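**Student:** Before I ask anything, let me first share the structure, which is written out below as structure tokens.
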Amino acid sequence: LFTCGRCKSSKTSNTQKQTRSADEPMTVFVMCHNCGNRWK
């Protein structure tokens, strides 16, 4: 689903969290299992 921009690995996991008000879309947080890079 997501590819790491740092190491180009596709071994990633993602979680969705509500970081803003309830009428805003959820924010997706992604973590790479290969290099540990995190982004949203």
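**Student:** If a residue must be in a loop (DSSP other than H, G, I, E, B), surrounded by 10 or more Cβ atoms within 10 Å (Cβ to Cβ) and among the polar types (S, T, N, Q), how many such residues does the chain contain?
**Tutor:** Residues flagged as in a loop (DSSP other than H, G, I, E, B), surrounded by 10 or more Cβ atoms within 10 Å (Cβ to Cβ) and among the polar types (S, T, N, Q) within the chain amount to 7.
**Student:** Any residue in the stretch 13-33 that is closer than 20 Å to residue 3 by Cα sitting within a Cβ distance under 6 Å of a residue that is in a strand (DSSP E or B) and among the charged types (D, E, K, R)? List the pairs, counting only those 6 or more apart or interchain.
**Tutor:** 27/17; 31/38
Each reported figure results from applying straightforward, stated rules to the coordinates on display, with no laboratory input. Worth saying up front: this structure is predicted, and the values here are computed from it rather than measured. Here Cβ is always computed from backbone atoms with ideal geometry, including for glycine, and neighbour counts include all displayed protein chains.
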